[in-house]
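Reviewing the structure listed below.
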Amino acid sequence: MPTNRNTFSFLARLPRRAASRAVHRGWSWAQRAGAVTAEHPGRLRFGAIGPGTRLAFPQGTVFGEPWIELGAHCVIGEQVTLTAGMMPDLDLGADTVLTLGDGVVLGRGSHVIADTTVTIGSDTYCGPYVYITSTNHSYDDPHEPVGKQWPRMEPVSIGPGCWIGTGAVILPGARLGRNVVVAAGAVVRGEVPDHAVVAGAPARVVRSWDAEKGWQPPLRTPAPVPIPEGVTPEQLLALGEADEARNTP
């Protein structure tokens with residue numbers, strides 16, 4: 001009989017460790033099996049889904065998928081909501097309502113609500129918990145609960161190459177140009193020109209690109225140095241280790 005208390009503690013932990021490993025293995029299997037791709041769409045029948053696109057499991061709320069078109073090589077994080085129409089099982093006509101271009105990234109917990117047309121251009125990256133909507137509550141009648149009043153809808157257009165920070169909100173009627181940067185937590189409405197940086201609530205332009213003067217106001221940090229062609233991952237790793245060794249006391 002074991003007399004050491006540590007031995008008893010170790011034996012008591014064995015079932016918990018085994019259960020933990022089983023749970024993690026099961027969850028990893030569920031994430032692989034539950035992911036949605038063009039080859040394995042599961043219950044979802046999108047109007048189009050391009051090669052290389054993947055919706056991570058678990059998905060958020062998804063409905064109106066016949067009116068949703070996803071380009072190639074999109075990355076849709078866990079718990080992302082994609083909806084077309086105000087509720088499921090509506091006939092929205094012949095035209096696509098929600099369009100994602102090639103290479104769009106939607107971070108975990110983001111919502112894209114398309115009661116009318118929403119278009120997100122190719123290679124636009126969204127951080128987690130971004131909210132994009134074509135619908136807003138109205139409150140014209142002061143005697144009627146806001147939630148019972150008919151909402152206002154305006155199309156949303158986001159140009160290619162944009163970066164939308166964590167927790168940003170894109171409101172109905174917003175029109176973002178090409179390569180726009182939206183700061184985390186910004187609330188965007190109206191039109192944003194190409195190559196602009198917007199921040200705040202409501203968002204305003206805080207930096208823009210001029211063909212002659214460059215970024216105005218000027219950037220405060222130097223531009224990243226691109227990796228030379230032909231450099232292998234092994235060489236990069238060796239450089240990083242050498243740099244770390246030099247900085248270690």
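Inclusion of Tyr125 among residues that are under 12 Å from the mean Cα position of the chain (by Cα), hydroxyl-bearing (Ser, Thr, Tyr) and either crowded, with 19+ Cβ neighbours inside 10 Å or within 21 Å of Phe63 (Cβ to Cβ) (or both) is not warranted. Before we move on, is Trp209 open to solvent by 20 Å² or more (accessible area, probe 1.4 Å) and outside any strand (DSSP E or B)? So Trp209 does not fit the description; no. Considering the range 146-164, and only residues there that are at pLDDT 95 or above and assigned to a loop (DSSP other than H, G, I, E, B), the residue that is most open to solvent (accessible area, probe 1.4 Å) turns out to be Glu154. Among residues of the range 79-95 being modelled with pLDDT of 95 or more and of a type outside the set (Gly, Ala, Ser), the one that is nearest to the chain's Cα centre (by Cα) is Val80.
Residues in the range 101-144 that are outside any strand (DSSP E or B) and β-branched (Val, Ile, Thr): Val104, Thr116, Thr117, Thr124, Val130. Determine, yes or no, whether Gly42 is in contact (Cβ under 8 Å) with a residue 24 or more places away in the chain and not in a helix (DSSP H, G or I). Against the criterion (in contact (Cβ under 8 Å) with a residue 24 or more places away in the chain and not in a helix (DSSP H, G or I)), Gly42 does not qualify.
For Arg220, the stated conditions hold: it is out of contact with any strand residue (DSSP E or B) (no Cβ under 8 Å at 6 or more places or on another chain) and open to solvent by 70 Å² or more (accessible area, probe 1.4 Å).
Identify the residue in the range 224-247 that is open to solvent by less than 80 Å² (accessible area, probe 1.4 Å) and part of a loop (DSSP other than H, G, I, E, B) and, among all such residues, is farthest from Asp194 (Cα to Cα). Restricting to residues being open to solvent by less than 80 Å² (accessible area, probe 1.4 Å) and part of a loop (DSSP other than H, G, I, E, B), the top hit is Thr232.
Any chance the range 46-59 includes a residue that's open to solvent by 20 Å² or more (accessible area, probe 1.4 Å), part of a loop (DSSP other than H, G, I, E, B), hydroxyl-bearing (Ser, Thr, Tyr) and touching a Ser or Thr at 6+ places or on another chain (Cβ under 9 Å)? Scanning the range 46-59, I find no residue that is open to solvent by 20 Å² or more (accessible area, probe 1.4 Å), part of a loop (DSSP other than H, G, I, E, B), hydroxyl-bearing (Ser, Thr, Tyr) and touching a Ser or Thr at 6+ places or on another chain (Cβ under 9 Å), so the answer is no.
Looking across the range 185-204 at every residue that is among the charged types (D, E, K, R) and not in a loop (DSSP other than H, G, I, E, B), the one that is most open to solvent (accessible area, probe 1.4 Å) is identified as Arg204.
Residues in the range 165-185 that are under 20 Å from Thr116 (Cβ atoms) and β-branched (Val, Ile, Thr): Val169, Ile170.
Residue-by-condition table, conditions (1) within 27 Å of Pro58 (Cβ to Cβ); (2) among the β-branched types (Val, Ile, Thr); (3) touching a Leu at 6+ places or on another chain (Cβ under 8 Å):
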{"residue": "Thr99", "(1), (2), (3)": "yes, yes, no"}
{"residue": "Val112", "(1), (2), (3)": "yes, yes, yes"}
{"residue": "Val118", "(1), (2), (3)": "yes, yes, yes"}
{"residue": "Val130", "(1), (2), (3)": "yes, yes, yes"}
{"residue": "Ser134", "(1), (2), (3)": "yes, no, no"}
{"residue": "His137", "(1), (2), (3)": "no, no, no"}
{"residue": "Pro160", "(1), (2), (3)": "no, no, no"}
{"residue": "Val188", "(1), (2), (3)": "no, yes, yes"}
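For the range 74-102, a residue qualifies if it is out of contact with any helix residue (DSSP H, G or I) (no Cβ under 8 Å at 6 or more places or on another chain), open to solvent by 10 Å² or more (accessible area, probe 1.4 Å) and within 18 Å of Gly159 (Cβ to Cβ), and the qualifying residues are Thr99, Gly101, Asp102. Yes or no: Trp67 surrounded by 13 or more Cβ atoms within 10 Å (Cβ to Cβ) and of a type in the set (Phe, Trp, Tyr)? Yes; evaluated as a whole, the condition is true for this residue.
The lone criterion from (1) within 23 Å of His111 (Cβ to Cβ); (2) of a type in the set (A, V, I, L, M); (3) open to solvent by 50 Å² or more (accessible area, probe 1.4 Å) left unmet by Val182 is number (3). Checked against the criterion of being over 22 Å from Gly60 (Cβ atoms), part of a loop (DSSP other than H, G, I, E, B), touching a residue at least 40 places away in the same chain (Cβ under 8 Å) and open to solvent by 30 Å² or more (accessible area, probe 1.4 Å), the range 167-179 contains one or more residues that satisfy it.
The values are calculated or read from the model by the stated rules, or taken from the named source; none is laboratory data. On a predicted model such as this, the values are computed, not experimentally measured, just so you know. Every residue, glycine as well, gets a Cβ built from its backbone with ideal geometry; the counts of neighbours run over all protein chains shown. Surface accessibility is based on the protein's heavy atoms, side chains included, excluding ligands, DNA and RNA. Shrake-Rupley method; radii C 1.70, N 1.55, O 1.52, S 1.80 Å.
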